[in-house]
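Everything below concerns the one structure shown next.
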Amino acid sequence: MLLGLCDRTVLEHVDIDEDAETVVAHVRPKRPKKRRCGRCGRLSPHEDNGDGRRRWRGLDLGTVQVWLEADAPRVRCRDHGRVVAAVPWARHGARQTRAFEDTAGWLVTQCSKTAVSGLLRIAWRTVGGIVTRVVGEIDARVDRLDGLRRIGIDEISYKRGHKYLTVVVDHDTGRLVWAAAGRDEKTLRGFFDALGEQRCAQITHVSADAADWIATVVAERCGNAVRCADPFHIVKWATEALDEVRRQAWNDARARARREPVRGRGRPRSDAPPRPGHERARALKHARYALWKNPEDLTQRQHAKLEWIAKTDPRLHRAYLLKEGLRHVFKVKGEAGKEALDRWLSWAQRCRIPAFVELQRRIRRHREAIDAALEHGLSQGLIESTNTKLRVLTRMAFGFRSPDALIALGMLALGGYRPSLPGRTAA
Ligand SMILES: [Zn+2]
(Lines give C-alpha, C1' and ligand atoms only; values in the text may rest on other atoms or scores of the structure.)
Protein backbone atom coordinates (compact mmCIF):
# COMPACT_ATOMS: atom_id res chain seq x y z
CA MET A 1 0.00 0.00 0.00
CA LEU A 2 2.82 2.41 0.90
CA LEU A 3 4.48 1.77 -2.44
CA GLY A 4 1.23 2.19 -4.33
CA LEU A 5 1.52 -1.22 -6.00
CA CYS A 6 -1.50 -2.53 -7.86
CA ASP A 7 -3.02 -5.98 -7.20
CA ARG A 8 -1.28 -7.42 -10.26
CA THR A 9 2.11 -6.88 -8.62
CA VAL A 10 3.75 -9.14 -6.05
CA LEU A 11 6.17 -7.64 -3.54
CA GLU A 12 9.08 -10.04 -2.93
CA HIS A 13 11.13 -8.10 -0.41
CA VAL A 14 12.25 -4.58 0.45
CA ASP A 15 15.78 -3.23 0.95
CA ILE A 16 16.37 0.00 2.79
CA ASP A 17 19.61 1.79 2.08
CA GLU A 18 20.04 4.15 5.00
CA ASP A 19 23.12 5.86 3.58
CA ALA A 20 21.59 6.65 0.22
CA GLU A 21 18.19 7.19 1.88
CA THR A 22 16.44 5.03 -0.68
CA VAL A 23 14.00 2.16 -0.55
CA VAL A 24 14.36 -0.59 -3.14
CA ALA A 25 11.34 -2.84 -3.51
CA HIS A 26 11.86 -6.10 -5.37
CA VAL A 27 8.73 -6.97 -7.31
CA ARG A 28 7.32 -9.24 -10.02
CA PRO A 29 4.07 -9.44 -11.94
CA LYS A 30 1.46 -11.71 -10.38
CA ARG A 31 1.41 -14.18 -13.27
CA PRO A 32 5.00 -14.11 -14.57
CA LYS A 33 4.35 -17.04 -16.93
CA LYS A 34 1.78 -15.06 -18.89
CA ARG A 35 3.89 -12.26 -20.33
CA ARG A 36 2.54 -9.70 -22.76
CA CYS A 37 4.14 -7.57 -25.47
CA GLY A 38 5.16 -4.20 -23.98
CA ARG A 39 3.87 -2.34 -27.01
CA CYS A 40 0.57 -3.96 -27.91
CA GLY A 41 -0.29 -6.12 -24.89
CA ARG A 42 -0.63 -9.37 -26.85
CA LEU A 43 0.17 -12.57 -24.92
CA SER A 44 3.52 -13.70 -26.33
CA PRO A 45 6.04 -16.49 -25.77
CA HIS A 46 9.16 -15.90 -23.70
CA GLU A 47 12.21 -14.91 -25.75
CA ASP A 48 15.11 -14.25 -23.33
CA ASN A 49 16.02 -12.44 -20.13
CA GLY A 50 16.89 -9.18 -21.88
CA ASP A 51 19.31 -7.01 -19.91
CA GLY A 52 18.52 -8.69 -16.61
CA ARG A 53 17.11 -6.77 -13.68
CA ARG A 54 15.90 -3.21 -14.08
CA ARG A 55 14.85 -0.36 -11.82
CA TRP A 56 11.91 2.03 -12.02
CA ARG A 57 11.69 5.20 -9.99
CA GLY A 58 8.53 5.27 -7.86
CA LEU A 59 6.81 8.09 -5.96
CA ASP A 60 8.80 9.21 -2.92
CA LEU A 61 7.87 7.99 0.56
CA GLY A 62 8.07 11.34 2.30
CA THR A 63 11.65 12.44 1.72
CA VAL A 64 12.89 8.98 0.79
CA GLN A 65 13.34 7.97 -2.86
CA VAL A 66 11.69 4.73 -3.90
CA TRP A 67 12.81 2.31 -6.60
CA LEU A 68 11.10 -0.83 -7.86
CA GLU A 69 13.42 -3.58 -9.08
CA ALA A 70 12.40 -6.53 -11.21
CA ASP A 71 13.41 -8.83 -14.05
CA ALA A 72 12.79 -7.40 -17.48
CA PRO A 73 12.52 -10.44 -19.78
CA ARG A 74 11.73 -10.13 -23.44
CA VAL A 75 8.96 -11.81 -25.40
CA ARG A 76 8.49 -12.46 -29.10
CA CYS A 77 5.44 -10.58 -30.30
CA ARG A 78 3.80 -11.58 -33.57
CA ASP A 79 3.71 -7.93 -34.68
CA HIS A 80 6.57 -6.29 -32.82
CA GLY A 81 9.20 -9.02 -32.74
CA ARG A 82 11.58 -9.19 -29.82
CA VAL A 83 10.35 -6.71 -27.24
CA VAL A 84 10.56 -6.16 -23.46
CA ALA A 85 7.53 -7.66 -21.74
CA ALA A 86 4.88 -5.39 -20.24
CA VAL A 87 4.90 -4.77 -16.48
CA PRO A 88 1.83 -3.72 -14.50
CA TRP A 89 3.57 -0.88 -12.64
CA ALA A 90 5.06 1.11 -15.53
CA ARG A 91 4.48 2.16 -19.13
CA HIS A 92 6.56 0.59 -21.87
CA GLY A 93 9.98 2.23 -22.21
CA ALA A 94 9.61 4.23 -19.00
CA ARG A 95 12.18 4.49 -16.22
CA GLN A 96 9.54 5.67 -13.76
CA THR A 97 6.40 3.99 -12.51
CA ARG A 98 2.99 4.82 -13.92
CA ALA A 99 2.05 6.69 -10.71
CA PHE A 100 5.24 8.74 -10.92
CA GLU A 101 4.61 9.60 -14.57
CA ASP A 102 0.99 10.57 -13.94
CA THR A 103 2.09 12.87 -11.14
CA ALA A 104 4.73 14.47 -13.38
CA GLY A 105 2.20 14.81 -16.22
CA TRP A 106 -0.29 16.50 -13.91
CA LEU A 107 2.35 18.81 -12.49
CA VAL A 108 3.70 20.12 -15.82
CA THR A 109 0.26 21.49 -16.61
CA GLN A 110 0.13 23.27 -13.25
CA CYS A 111 3.53 24.70 -12.44
CA SER A 112 6.90 25.77 -13.73
CA LYS A 113 9.67 23.66 -15.15
CA THR A 114 11.89 24.44 -12.15
CA ALA A 115 9.15 23.43 -9.71
CA VAL A 116 8.52 20.12 -11.48
CA SER A 117 12.13 19.02 -11.69
CA GLY A 118 12.87 20.31 -8.18
CA LEU A 119 9.92 18.62 -6.52
CA LEU A 120 10.24 15.28 -8.32
CA ARG A 121 14.05 15.27 -8.40
CA ILE A 122 14.29 14.50 -12.12
CA ALA A 123 16.11 16.20 -14.97
CA TRP A 124 13.92 18.39 -17.16
CA ARG A 125 14.84 16.27 -20.18
CA THR A 126 13.29 13.27 -18.50
CA VAL A 127 9.99 15.16 -18.35
CA GLY A 128 9.87 15.29 -22.17
CA GLY A 129 9.78 11.51 -22.43
CA ILE A 130 7.24 11.21 -19.63
CA VAL A 131 4.87 13.71 -21.24
CA THR A 132 5.16 11.95 -24.60
CA ARG A 133 4.21 8.60 -23.05
CA VAL A 134 1.33 10.03 -21.00
CA VAL A 135 -0.11 11.80 -24.06
CA GLY A 136 0.44 8.71 -26.22
CA GLU A 137 -1.78 6.76 -23.85
CA ILE A 138 -4.50 9.44 -23.94
CA ASP A 139 -4.34 9.52 -27.76
CA ALA A 140 -4.85 5.78 -27.92
CA ARG A 141 -8.01 6.20 -25.85
CA VAL A 142 -9.66 9.34 -27.24
CA ASP A 143 -10.11 10.64 -30.77
CA ARG A 144 -9.55 14.38 -30.52
CA LEU A 145 -10.70 14.95 -34.09
CA ASP A 146 -14.18 13.60 -33.52
CA GLY A 147 -17.11 15.99 -33.82
CA LEU A 148 -15.12 18.96 -35.10
CA ARG A 149 -17.29 21.70 -36.63
CA ARG A 150 -15.59 25.06 -36.21
CA ILE A 151 -11.81 25.07 -36.19
CA GLY A 152 -9.02 27.62 -36.04
CA ILE A 153 -5.67 27.06 -37.76
CA ASP A 154 -2.56 28.90 -36.73
CA GLU A 155 1.19 28.72 -36.74
CA ILE A 156 3.47 29.36 -33.81
CA SER A 157 7.19 29.89 -33.76
CA TYR A 158 9.63 28.44 -31.28
CA LYS A 159 13.42 28.30 -30.85
CA ARG A 160 13.51 32.09 -31.22
CA GLY A 161 11.48 32.06 -34.37
CA HIS A 162 13.60 29.51 -36.21
CA LYS A 163 11.13 26.65 -36.05
CA TYR A 164 7.39 26.46 -36.44
CA LEU A 165 4.42 24.38 -35.41
CA THR A 166 1.07 24.30 -37.15
CA VAL A 167 -1.75 24.05 -34.62
CA VAL A 168 -5.48 23.42 -34.89
CA VAL A 169 -7.95 24.44 -32.17
CA ASP A 170 -11.63 23.57 -31.73
CA HIS A 171 -13.68 26.75 -31.39
CA ASP A 172 -16.53 24.91 -29.68
CA THR A 173 -14.57 23.22 -26.89
CA GLY A 174 -11.61 25.60 -26.75
CA ARG A 175 -9.24 22.66 -26.98
CA LEU A 176 -6.05 22.20 -28.92
CA VAL A 177 -6.83 19.20 -31.14
CA TRP A 178 -3.83 18.82 -33.43
CA ALA A 179 -0.28 20.08 -33.83
CA ALA A 180 2.69 19.19 -36.01
CA ALA A 181 6.15 20.53 -36.78
CA GLY A 182 6.40 22.76 -39.84
CA ARG A 183 4.29 25.43 -41.50
CA ASP A 184 3.50 24.57 -45.06
CA GLU A 185 0.85 22.94 -47.19
CA LYS A 186 2.26 19.48 -46.65
CA THR A 187 2.08 19.81 -42.86
CA LEU A 188 -1.49 21.03 -42.91
CA ARG A 189 -2.54 18.30 -45.34
CA GLY A 190 -1.41 15.89 -42.62
CA PHE A 191 -4.20 17.25 -40.42
CA PHE A 192 -6.90 16.85 -43.08
CA ASP A 193 -5.60 13.37 -43.88
CA ALA A 194 -5.99 12.40 -40.23
CA LEU A 195 -9.45 13.95 -40.21
CA GLY A 196 -10.60 11.93 -43.22
CA GLU A 197 -12.94 12.95 -46.02
CA GLN A 198 -16.17 12.39 -44.14
CA ARG A 199 -15.23 14.52 -41.15
CA CYS A 200 -13.73 17.22 -43.43
CA ALA A 201 -17.18 17.60 -44.96
CA GLN A 202 -18.64 18.32 -41.53
CA ILE A 203 -16.40 21.31 -40.89
CA THR A 204 -18.55 24.44 -41.15
CA HIS A 205 -16.12 27.25 -40.24
CA VAL A 206 -12.37 27.65 -40.48
CA SER A 207 -10.62 30.64 -39.00
CA ALA A 208 -7.02 31.36 -39.88
CA ASP A 209 -4.63 34.19 -40.48
CA ALA A 210 -4.25 35.30 -44.08
CA ALA A 211 -1.43 32.92 -44.95
CA ASP A 212 -1.80 31.61 -48.50
CA TRP A 213 -0.69 28.08 -47.69
CA ILE A 214 -3.54 27.72 -45.20
CA ALA A 215 -6.10 29.16 -47.62
CA THR A 216 -4.96 26.82 -50.40
CA VAL A 217 -5.25 23.65 -48.34
CA VAL A 218 -8.55 24.69 -46.72
CA ALA A 219 -10.07 25.42 -50.14
CA GLU A 220 -8.87 22.08 -51.42
CA ARG A 221 -9.99 19.94 -48.47
CA CYS A 222 -13.13 21.61 -47.13
CA GLY A 223 -14.24 24.04 -49.78
CA ASN A 224 -17.72 24.40 -48.32
CA ALA A 225 -16.61 25.72 -44.97
CA VAL A 226 -16.89 29.45 -44.34
CA ARG A 227 -13.43 30.94 -44.16
CA CYS A 228 -13.02 33.52 -41.43
CA ALA A 229 -10.08 35.82 -40.93
CA ASP A 230 -8.58 35.59 -37.51
CA PRO A 231 -9.20 38.99 -35.86
CA PHE A 232 -6.18 38.52 -33.64
CA HIS A 233 -3.89 38.55 -36.67
CA ILE A 234 -5.62 41.50 -38.32
CA VAL A 235 -5.13 43.58 -35.18
CA LYS A 236 -1.54 42.37 -35.10
CA TRP A 237 -1.04 43.80 -38.60
CA ALA A 238 -2.23 47.17 -37.28
CA THR A 239 0.17 46.94 -34.36
CA GLU A 240 3.00 46.23 -36.79
CA ALA A 241 2.05 49.22 -38.96
CA LEU A 242 1.95 51.39 -35.84
CA ASP A 243 5.38 50.19 -34.83
CA GLU A 244 6.73 51.13 -38.24
CA VAL A 245 5.46 54.68 -37.73
CA ARG A 246 6.95 54.80 -34.24
CA ARG A 247 10.33 53.60 -35.50
CA GLN A 248 10.27 56.28 -38.17
CA ALA A 249 9.55 58.99 -35.60
CA TRP A 250 12.35 57.61 -33.46
CA ASN A 251 14.80 57.63 -36.38
CA ASP A 252 13.85 61.22 -37.18
CA ALA A 253 14.54 62.19 -33.58
CA ARG A 254 17.87 60.38 -33.66
CA ALA A 255 18.89 62.13 -36.87
CA ARG A 256 18.13 65.40 -35.13
CA ALA A 257 20.06 64.28 -32.06
CA ARG A 258 23.15 63.66 -34.17
CA ARG A 259 23.28 67.35 -35.09
CA GLU A 260 23.20 68.35 -31.42
CA PRO A 261 26.35 69.12 -29.36
CA VAL A 262 28.13 66.14 -27.85
CA ARG A 263 28.24 65.99 -24.07
CA GLY A 264 31.07 64.56 -21.99
CA ARG A 265 30.65 62.10 -19.15
CA GLY A 266 28.93 62.95 -15.91
CA ARG A 267 26.32 65.50 -15.00
CA PRO A 268 25.89 68.28 -17.62
CA ARG A 269 26.69 71.85 -16.61
CA SER A 270 23.70 73.98 -15.67
CA ASP A 271 24.25 76.26 -18.66
CA ALA A 272 24.64 73.38 -21.15
CA PRO A 273 22.50 73.86 -24.26
CA PRO A 274 19.28 71.74 -24.27
CA ARG A 275 19.19 68.70 -26.53
CA PRO A 276 15.54 68.14 -27.49
CA GLY A 277 16.44 65.57 -30.17
CA HIS A 278 18.13 63.28 -27.64
CA GLU A 279 15.30 63.57 -25.18
CA ARG A 280 12.72 62.91 -27.83
CA ALA A 281 14.54 59.82 -29.14
CA ARG A 282 14.76 58.39 -25.63
CA ALA A 283 11.10 59.06 -24.88
CA LEU A 284 9.96 57.49 -28.15
CA LYS A 285 12.07 54.44 -27.60
CA HIS A 286 10.21 53.77 -24.39
CA ALA A 287 6.80 54.66 -25.79
CA ARG A 288 6.47 51.26 -27.38
CA TYR A 289 4.37 49.63 -24.67
CA ALA A 290 2.15 52.65 -24.20
CA LEU A 291 1.29 52.41 -27.90
CA TRP A 292 0.89 48.65 -27.96
CA LYS A 293 -1.21 48.05 -24.92
CA ASN A 294 -4.99 48.23 -24.84
CA PRO A 295 -5.98 51.63 -23.40
CA GLU A 296 -7.82 49.99 -20.50
CA ASP A 297 -4.60 48.31 -19.36
CA LEU A 298 -2.38 51.39 -19.43
CA THR A 299 -0.56 52.55 -16.32
CA GLN A 300 -0.69 56.19 -15.31
CA ARG A 301 2.77 56.84 -16.72
CA GLN A 302 1.83 55.24 -20.01
CA HIS A 303 -1.27 57.44 -20.17
CA ALA A 304 0.96 60.47 -19.68
CA LYS A 305 3.22 59.25 -22.45
CA LEU A 306 0.31 58.93 -24.85
CA GLU A 307 -0.79 62.47 -24.03
CA TRP A 308 2.73 63.68 -24.72
CA ILE A 309 2.67 61.91 -28.10
CA ALA A 310 -0.71 63.46 -28.93
CA LYS A 311 0.73 66.93 -28.28
CA THR A 312 4.12 66.53 -29.90
CA ASP A 313 3.63 64.06 -32.77
CA PRO A 314 0.16 64.19 -34.31
CA ARG A 315 1.14 61.75 -37.03
CA LEU A 316 2.21 59.03 -34.59
CA HIS A 317 -0.88 59.71 -32.52
CA ARG A 318 -3.06 59.32 -35.61
CA ALA A 319 -1.43 55.95 -36.26
CA TYR A 320 -2.24 54.97 -32.68
CA LEU A 321 -5.88 55.97 -33.10
CA LEU A 322 -6.06 53.96 -36.32
CA LYS A 323 -4.81 50.86 -34.55
CA GLU A 324 -7.33 51.34 -31.75
CA GLY A 325 -10.08 51.97 -34.31
CA LEU A 326 -9.43 48.63 -35.96
CA ARG A 327 -9.45 46.87 -32.60
CA HIS A 328 -12.82 48.47 -31.94
CA VAL A 329 -14.22 46.97 -35.17
CA PHE A 330 -13.65 43.46 -33.84
CA LYS A 331 -15.01 44.36 -30.44
CA VAL A 332 -18.42 45.42 -31.75
CA LYS A 333 -18.67 42.59 -34.35
CA GLY A 334 -21.73 41.85 -36.48
CA GLU A 335 -23.35 44.43 -38.77
CA ALA A 336 -22.15 47.28 -36.56
CA GLY A 337 -18.65 45.90 -36.91
CA LYS A 338 -18.93 45.83 -40.71
CA GLU A 339 -20.12 49.45 -40.76
CA ALA A 340 -17.30 50.43 -38.44
CA LEU A 341 -14.87 48.67 -40.76
CA ASP A 342 -16.21 50.63 -43.77
CA ARG A 343 -15.61 53.88 -41.92
CA TRP A 344 -12.21 52.71 -40.79
CA LEU A 345 -11.17 51.81 -44.34
CA SER A 346 -12.03 55.21 -45.77
CA TRP A 347 -10.30 56.90 -42.82
CA ALA A 348 -7.14 54.81 -43.33
CA GLN A 349 -7.21 55.46 -47.07
CA ARG A 350 -6.99 59.21 -46.46
CA CYS A 351 -4.63 59.16 -43.46
CA ARG A 352 -1.42 59.95 -45.41
CA ILE A 353 0.56 57.38 -43.41
CA PRO A 354 1.98 54.86 -45.93
CA ALA A 355 2.00 51.94 -43.47
CA PHE A 356 -1.73 52.34 -42.83
CA VAL A 357 -2.64 53.07 -46.43
CA GLU A 358 -0.97 49.76 -47.27
CA LEU A 359 -2.72 48.01 -44.37
CA GLN A 360 -6.05 49.31 -45.63
CA ARG A 361 -5.35 47.76 -49.05
CA ARG A 362 -4.41 44.49 -47.44
CA ILE A 363 -7.61 44.44 -45.40
CA ARG A 364 -9.71 45.14 -48.49
CA ARG A 365 -8.10 42.12 -50.16
CA HIS A 366 -9.23 39.91 -47.27
CA ARG A 367 -12.54 41.67 -46.76
CA GLU A 368 -14.67 38.60 -47.40
CA ALA A 369 -12.97 36.51 -44.73
CA ILE A 370 -12.97 39.43 -42.30
CA ASP A 371 -16.70 39.98 -42.80
CA ALA A 372 -17.25 36.28 -42.15
CA ALA A 373 -15.30 36.61 -38.90
CA LEU A 374 -17.45 39.60 -37.88
CA GLU A 375 -20.64 37.72 -38.74
CA HIS A 376 -19.85 34.43 -37.09
CA GLY A 377 -17.95 35.91 -34.19
CA LEU A 378 -15.48 33.05 -33.82
CA SER A 379 -13.99 34.09 -30.55
CA GLN A 380 -10.71 35.81 -31.01
CA GLY A 381 -9.94 35.25 -27.37
CA LEU A 382 -9.54 31.52 -27.94
CA ILE A 383 -6.79 31.66 -30.53
CA GLU A 384 -5.16 34.52 -28.71
CA SER A 385 -5.05 32.66 -25.43
CA THR A 386 -4.02 29.36 -27.03
CA ASN A 387 -1.24 31.26 -28.70
CA THR A 388 -0.09 32.87 -25.48
CA LYS A 389 -0.25 29.61 -23.54
CA LEU A 390 1.63 27.77 -26.25
CA ARG A 391 4.28 30.44 -26.22
CA VAL A 392 4.72 29.92 -22.49
CA LEU A 393 4.93 26.18 -23.09
CA THR A 394 7.54 26.54 -25.82
CA ARG A 395 9.68 28.44 -23.36
CA MET A 396 9.06 25.71 -20.83
CA ALA A 397 9.86 22.98 -23.34
CA PHE A 398 13.25 24.48 -24.03
CA GLY A 399 15.63 21.58 -23.46
CA PHE A 400 13.29 18.97 -24.92
CA ARG A 401 15.13 17.24 -27.70
CA SER A 402 12.39 16.91 -30.29
CA PRO A 403 9.36 18.92 -31.39
CA ASP A 404 7.32 15.78 -30.57
CA ALA A 405 7.88 16.36 -26.87
CA LEU A 406 6.88 19.99 -27.25
CA ILE A 407 3.71 19.00 -29.10
CA ALA A 408 2.93 16.43 -26.42
CA LEU A 409 3.35 19.09 -23.72
CA GLY A 410 0.98 21.38 -25.62
CA MET A 411 -1.57 18.58 -25.99
CA LEU A 412 -1.35 17.70 -22.32
CA ALA A 413 -1.81 21.29 -21.18
CA LEU A 414 -4.34 22.50 -23.75
CA GLY A 415 -5.88 19.35 -25.20
CA GLY A 416 -8.46 18.93 -22.46
CA TYR A 417 -7.37 15.50 -21.18
CA ARG A 418 -5.02 15.20 -18.23
CA PRO A 419 -3.89 12.27 -16.11
CA SER A 420 -5.54 12.21 -12.71
CA LEU A 421 -3.31 12.21 -9.67
CA PRO A 422 -2.60 8.69 -8.37
CA GLY A 423 -4.70 7.64 -5.38
CA ARG A 424 -7.51 10.12 -6.10
CA THR A 425 -10.64 9.08 -7.89
CA ALA A 426 -10.84 10.88 -11.23
CA ALA A 427 -13.02 13.99 -11.09
ZN1 LIG B 1 3.25 -6.40 -29.83
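The values are calculated or read from the model by the stated rules, or taken from the named source; none is laboratory data. All of these numbers come straight from a predicted model, not from anything done at the bench. So basically every Cβ, Gly included, is an ideal-geometry build from the backbone, and we count neighbours across all protein chains shown.
Has the range 60-80 got at least one residue that is more than 16 Å from the ligand (Cβ to nearest atom) and over 27 Å from Thr103 (Cα atoms)? So far as the range 60-80 goes, no, none of its residues is more than 16 Å from the ligand (Cβ to nearest atom) and over 27 Å from Thr103 (Cα atoms). For the range 80-94, the condition of being within 19 Å of Leu409 (Cα to Cα), assigned to a helix (DSSP H, G or I) and at pLDDT 90 or above holds for none of the residues. Inside the range 12-56, can you point out the residues that are assigned to a strand (DSSP E or B), within 16 Å of the ligand (Cβ to nearest atom) and out of contact with any Lys or Arg (no Cβ under 7 Å at 6 or more places or on another chain)? Within the range 12-56, Cys37 is the sole residue that qualifies. Which residues, taken from the range 62-76, are among the aliphatic types (A, V, I, L, M) and either buried (at least 17 other Cβ atoms within 10 Å of the Cβ) or under 34 Å from the mean Cα position of the chain (by Cα) (or both)? Scanning the range 62-76 gives Val66, Leu68, Ala70, Ala72, Val75. Kindly establish whether Glu101 is away from the ligand (no atom under 16 Å from the Cβ), farther than 25 Å from Val135 by Cα, of a type in the set (D, E, K, R) and surrounded by 13 or more Cβ atoms within 10 Å (Cβ to Cβ). No. Look at the range 218-233: where a residue is under 16 Å from Thr166 (Cα atoms) and a partner is part of a helix (DSSP H, G or I) and among the aliphatic types (A, V, I, L, M), sitting 6+ places away or on another chain with Cβ atoms under 6 Å, you get Asp230/Ile383. Scan the range 228-239 and tell me whether some residue there is closer than 30 Å to Glu375 by Cα, modelled with pLDDT under 85, touching a strand residue (DSSP E or B) at 6+ places or on another chain (Cβ under 7 Å) and surrounded by 13 or more Cβ atoms within 10 Å (Cβ to Cβ). Yes, there is a match, as at least one residue in the range 228-239 is closer than 30 Å to Glu375 by Cα, modelled with pLDDT under 85, touching a strand residue (DSSP E or B) at 6+ places or on another chain (Cβ under 7 Å) and surrounded by 13 or more Cβ atoms within 10 Å (Cβ to Cβ). Total residues in the range 17-54 satisfying the condition of being under 21 Å from Leu119 (Cα atoms) and surrounded by 13 or more Cβ atoms within 10 Å (Cβ to Cβ): the figure is 3. Per the conditions (1) of a type in the set (Ser, Thr, Tyr); (2) within 20 Å of Arg54 (Cα to Cα); (3) without any contact (Cβ under 8 Å) to a residue 60 or more places away in the chain, the sole criterion not satisfied by Thr97 is (3). Set side by side, the residues Arg125, Arg175, Arg133 differ, and just one is charged (D, E, K, R), under 22 Å from Cys228 (Cα atoms) and either touching a residue at least 60 places away in the same chain (Cβ under 8 Å) or surrounded by 15 or more Cβ atoms within 10 Å (Cβ to Cβ) (or both), which is Arg175. For the range 302-310, the criterion of being closer than 17 Å to Trp237 by Cα and either surrounded by 12 or more Cβ atoms within 10 Å (Cβ to Cβ) or among the aromatic types (Phe, Trp, Tyr) (or both) is met by none of the residues.
In the range 243-255, the count of residues that are in contact with a His (Cβ under 8 Å, 6 or more places away or on another chain), of a type in the set (Asp, Glu) and surrounded by 13 or more Cβ atoms within 10 Å (Cβ to Cβ) is zero.
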